[in-house]
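Chemist: Once you've had a glance at the structure underneath, I'll fire off some questions.
The values are calculated or read from the model by the stated rules, or taken from the named source; none is laboratory data. These numbers come from a predicted model, not from an experiment. No Cβ is skipped: glycine too gets one built from the backbone with ideal geometry, and neighbour counts run over all protein chains shown. When the accessible area is computed, the model is the full protein with side chains, heavy atoms only, and any ligands, DNA or RNA have been set aside. Shrake-Rupley method; radii C 1.70, N 1.55, O 1.52, S 1.80 Å.
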Amino acid sequence: MMTNSNRSSGSLPKKRSNSERLTYNLLMWPGVILLFIFSIVPLFGLVIAFQNYIPAKGIAGSEWVGLDNFILIFSLPDSWRVLGNTLYIAIAKMSIGIVVPLIFAIMLNEVSSKRYKQVVQTVVYMPYFLSWVILGGIFLSMLSIDGVINRIIEMLGEEPVMFMADGKWARAIIILTDCWKNFGYGAIIYLAALTSIDLDLYEAAAIDGASRFRQILHVTVPALVPTVVLVATLNLGGVLNAGFDQIYNMYNPLVYDTIDIIDTFVYRMGLVDMQFSLGTAVGLFKSVVSFVLIVLSYVLAKKFTGYRIF
Amino acid sequence: MVKSNSSGDRMVKIVSYTVVTVLMLSCLLPLIHTLALSLSDKSAAASGMVTLWPVRPSNSAYKAILGDKQFFLSFKNSIVRILLGGALNIFFTVTMAFPLSRSKRLFPQRNIYMWFLIFTMLFSGGIIPMYLLIYRLKLMDSIWALVLPSAVPVYNVILLMNYFRGVPRELDEAARLDGAGPLRTMLQVFVPVSMPCIATITLFSIVGHWNAFFDGAIYINTQAKVPLQTYIQQLVVDMRASSVMSKEELAILAEISGKSFNAAKVIVTMLPVLLVYPFLQKYFVHGIVLGSVKG
């Protein structure tokens, strides 16, 4: 044993540790190069937000316009509309996305049959793994004027509704279907927190005569509070992400008023209307605000809950 | 456990079972409805008669898929994509997570790389600079446009790095004493003991590649090269239009497209995800807990 450890601080391992370092660096480089090309280079592309970018002229040949694009964007009523829609939808999704999984997790915790619990979990996690292309297709078909929902409404003797042609309905549907897709998966983190509750606490409460409802209120809920705080603060960084994939697959021009968001606006402006500079300017505005919010949310999360990712 | 059977406690139980069951059914019913639609006769589906059980059962929609050449082409494109994209993802996740999991003493430059990764996670150019980059790199219309930009999944690298750090030191030291170099240690010690984590990450990235549609829509112009979700998305765009059509307009459309046909395509498209889902579920709870509640 002694000789072994003595040897490992000798000259041979020194050589080895140099080659070891080299190996580690070499392992990193392919990935670093790819990241550089696909994450760093596009950042330089952001300069076209300050240009009147014309693809044929390239970045070097296009005219610099300073902040003109930003001034133009903030003077467009559409920009304020999409900003409002984005905030409305994102905040609604986040609030519901905390409350519903929380209630679901608490109630699932009351289910005593282990088997049934597993069946429920298997089913509710599933939608998370399906794409919005698939789910958009399913929901649009169900909600169309000849779809199953309107058939049920008609059977109840009411007038059919053109859901996706009505701004308020469309917005509610966007928020609800997002909750539908994600609530099960969102509950996992709460269920994990519930498993760490000491069962003796329930027993003690029961001996003290607390009803099951009071036990939930005084044992289960307090145990979940730190997790809720953590999720809520980490959500803060996503306040400008209202869900591009979902809305892109479900919206139509009739409901731009209520469900057109920054990302869909950028997509149409940049890649459909080919206004590269204006689209990039909106995207840059979003990135900067999001970055500030993400940093803020991590600082807050660390302060409140001691959470660290790295 | 003390059992108390007051009516209030029973009420809590009844409400919980009911709410949980309703939520579970809400997740299941839209999928069952779509399945029923796909197995129904074309005219029954178009008239909105189908709820949860096929009306005038027919397999004509699935037969029609067999005759849809584009569907098969796109299916094949998506398979190629998940194989290539998945392989790249595993390769980069493992090769980057391992050095980063080493201590600063063994790998002095570690923190520089770490900050670089975090930087790329925090800042992104957004879709327009990305689009222009793909265009400049002449990757348009190529499978590489779909797999290279996401080839290094930084978040997964950090997940696996954390997992590697939990590997007992003794294993590492034993390998060292046996004279194994870093590559052998990685491949023969760390990778085998981290299989649950690697499996989870891989399944996630495969499902991610399978589900991606937007890159296929903007980078691929040749219809024959379009991946499956993008092809389905083209149908959804039609549905998007039909979601605001009147009954008369829809009657005309039903003659050409057919709800049951689209439903069948949706079912076949989600089938692969549903097939890997049981394996995914076995591992992912572990994976997500690993990622999110780590103190």
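Chemist: Looking at B:ALA44, B:ALA36 in this structure, which one is open to solvent by less than 50 Å² (accessible area, probe 1.4 Å), at pLDDT below 90, part of a helix (DSSP H, G or I) and of a type outside the set (D, E, K, R)?
Modeler: B:ALA44
Chemist: Look through A:SER112, A:SER95 and report the one residue that is open to solvent by 20 Å² or more (accessible area, probe 1.4 Å), over 21 Å from the mean Cα position of the chain (by Cα) and not basic (Lys, Arg).
Modeler: Of the residues listed, the single one that is open to solvent by 20 Å² or more (accessible area, probe 1.4 Å), over 21 Å from the mean Cα position of the chain (by Cα) and not basic (Lys, Arg) is A:SER112.
Chemist: Still on this structure: Pull out all pairs, ordered by first then second residue, where Cβ-Cβ is under 9 Å, the residues are six or more apart or on different chains, the first lies in the stretch A:210-221 and is part of a helix (DSSP H, G or I), and the second is among the hydroxyl-bearing types (Ser, Thr, Tyr).
Modeler: Between residues of the stretch A:210-221 that are part of a helix (DSSP H, G or I) and residues that are among the hydroxyl-bearing types (Ser, Thr, Tyr), the close pairs are A:ARG212/A:TYR202; A:ARG212/B:SER4; A:ARG212/B:SER6; A:GLN215/A:TYR202; A:VAL219/A:TYR202; A:THR220/A:TYR202.
Chemist: B:LEU73: open to solvent by 40 Å² or more (accessible area, probe 1.4 Å) and within 11 Å of chain A (Cβ to nearest Cβ), yes or no?
Modeler: Values: open to solvent by 40 Å² or more (accessible area, probe 1.4 Å): yes; within 11 Å of chain A (Cβ to nearest Cβ): no.
When the stated conditions are applied, B:LEU73 does not pass them.
Chemist: Kindly evaluate A:LEU83 against the criterion of being away from every other protein chain (no Cβ under 13 Å), open to solvent by 10 Å² or more (accessible area, probe 1.4 Å), touching a residue at least 12 places away in the same chain (Cβ under 8 Å) and not polar (S, T, N, Q).
Modeler: Working: away from every other protein chain (no Cβ under 13 Å): yes; open to solvent by 10 Å² or more (accessible area, probe 1.4 Å): yes; touching a residue at least 12 places away in the same chain (Cβ under 8 Å): yes; not polar (S, T, N, Q): yes.
Spelling it out, A:LEU83 is indeed away from every other protein chain (no Cβ under 13 Å), open to solvent by 10 Å² or more (accessible area, probe 1.4 Å), touching a residue at least 12 places away in the same chain (Cβ under 8 Å) and not polar (S, T, N, Q).
Chemist: Which residue out of A:LYS117, A:LYS168 is closer than 29 Å to B:GLY208 by Cα and either assigned to a helix (DSSP H, G or I) or not assigned by TED's automatic domain parsing to the domain that holds A:LEU199 (or both)?
Modeler: Numbers: A:LYS168 fails: closer than 29 Å to B:GLY208 by Cα.
None of the other options fit; the residue is A:LYS117.
Chemist: Let me ask you something else. Of all residues in the stretch B:206-238 being of a type in the set (D, E, K, R) and open to solvent by 40 Å² or more (accessible area, probe 1.4 Å), which is farthest from the other protein chains (Cβ to nearest Cβ)?
Modeler: The selected residue is B:LYS225.
Chemist: A further question on this structure: For B:ASP178, which of the numbered conditions (1) crowded, with 22+ Cβ neighbours inside 10 Å; (2) farther than 21 Å from B:LYS282 by Cβ fails to hold?
Modeler: Among (1) crowded, with 22+ Cβ neighbours inside 10 Å; (2) farther than 21 Å from B:LYS282 by Cβ, B:ASP178 violates only (1).
Chemist: Sticking with this structure for a sec: Which members of the stretch B:120-136 meet the condition of being touching a helix residue (DSSP H, G or I) at 6+ places or on another chain (Cβ under 8 Å), more than 7 Å from every other protein chain (Cβ to nearest Cβ) and at pLDDT below 95?
Modeler: B:MET121
Chemist: Quick check, is A:THR122 under 27 Å from A:ASN235 (Cβ atoms), surrounded by 14 or more Cβ atoms within 10 Å (Cβ to Cβ) and without any contact (Cβ under 8 Å) to a residue 24 or more places away in the chain?
Modeler: It is true that A:THR122 is under 27 Å from A:ASN235 (Cβ atoms), surrounded by 14 or more Cβ atoms within 10 Å (Cβ to Cβ) and without any contact (Cβ under 8 Å) to a residue 24 or more places away in the chain.
Chemist: While we're on this one: Considering only the stretch A:251-266, how many residues are surrounded by fewer than 20 Cβ atoms within 10 Å (Cβ to Cβ) and either more than 22 Å from the chain's Cα centre (by Cα) or at the interface with chain B (Cβ under 9 Å from one of its Cβ atoms) (or both)?
Modeler: Selection size over the stretch A:251-266: 4.
Chemist: List pairs: first residue in the stretch A:20-43 and charged (D, E, K, R), second residue at pLDDT below 95 and part of a helix (DSSP H, G or I) anywhere in the structure, Cβ distance under 7 angstrom, at least six positions apart or on different chains.
Modeler: Close Cβ pairs (under 7 Å, with a partner that is at pLDDT below 95 and part of a helix (DSSP H, G or I)) amount to A:GLU20/B:PRO182.
Chemist: Condition (residue is out of contact with any Lys or Arg (no Cβ under 8 Å at 6 or more places or on another chain), in contact (Cβ under 8 Å) with a residue 12 or more places away in the chain and surrounded by fewer than 17 Cβ atoms within 10 Å (Cβ to Cβ)) applied to the stretch B:76-97: is it met by at least one residue?
Modeler: Yes - at least one qualifying residue is present in the stretch B:76-97.
Chemist: Right, A:TRP180: assigned to a helix (DSSP H, G or I), in contact with a Cys (Cβ under 8 Å, 6 or more places away or on another chain) and either facing chain B (nearest Cβ under 7 Å) or surrounded by fewer than 22 Cβ atoms within 10 Å (Cβ to Cβ) (or both) or not?
Modeler: The answer is yes for A:TRP180.
Chemist: Say we look at the stretch B:103-115 and pick out the residues that are within 20 Å of B:PRO153 (Cβ to Cβ) and open to solvent by less than 50 Å² (accessible area, probe 1.4 Å); which of these is nearest to the other protein chains (Cβ to nearest Cβ)?
Modeler: Among those that are within 20 Å of B:PRO153 (Cβ to Cβ) and open to solvent by less than 50 Å² (accessible area, probe 1.4 Å), it is B:TYR113.
Chemist: Quick check: is even one residue across the stretch B:167-187 within 23 Å of the chain's Cα centre (by Cα) and either more than 20 Å from B:PHE92 (Cα to Cα) or within 10 Å of chain A (Cβ to nearest Cβ) (or both)?
Modeler: Scanning the stretch B:167-187, I find no residue that is within 23 Å of the chain's Cα centre (by Cα) and either more than 20 Å from B:PHE92 (Cα to Cα) or within 10 Å of chain A (Cβ to nearest Cβ) (or both), so the answer is no.
Chemist: Right, something else. Residue check, A:PRO55 against (1) part of a helix (DSSP H, G or I); (2) within 14 Å of chain B (Cβ to nearest Cβ); (3) of a type outside the set (A, V, I, L, M, F, W, C), all met but one. Which one?
Modeler: The single condition A:PRO55 does not satisfy is (1).
Chemist: Continuing with the same structure: Within the stretch A:125-136, take every residue that is touching a residue at least 12 places away in the same chain (Cβ under 8 Å) and within 7 Å of chain B (Cβ to nearest Cβ) and give me the one that is nearest to B:VAL273 (Cα to Cα).
Modeler: Going residue by residue through the stretch A:125-136, those that are touching a residue at least 12 places away in the same chain (Cβ under 8 Å) are A:125-128, A:130-133, A:135-136.
Now narrow it down to the ones that are within 7 Å of chain B (Cβ to nearest Cβ): A:125-127, A:130-131, A:133, A:136.
Details: A:TYR125: 12, A:MET126: 9, A:PRO127: 10, A:LEU130: 7, A:SER131: 10, A:VAL133: 13, A:GLY136: 16 Å.
So the residue we want is A:LEU130.
Chemist: Take the stretch A:44-61 and flag every residue that is in contact (Cβ under 8 Å) with a residue 24 or more places away in the chain and open to solvent by less than 50 Å² (accessible area, probe 1.4 Å).
Modeler: A:GLY45, A:LEU46, A:ILE48, A:ALA49, A:GLN51, A:TYR53, listed by residue number.
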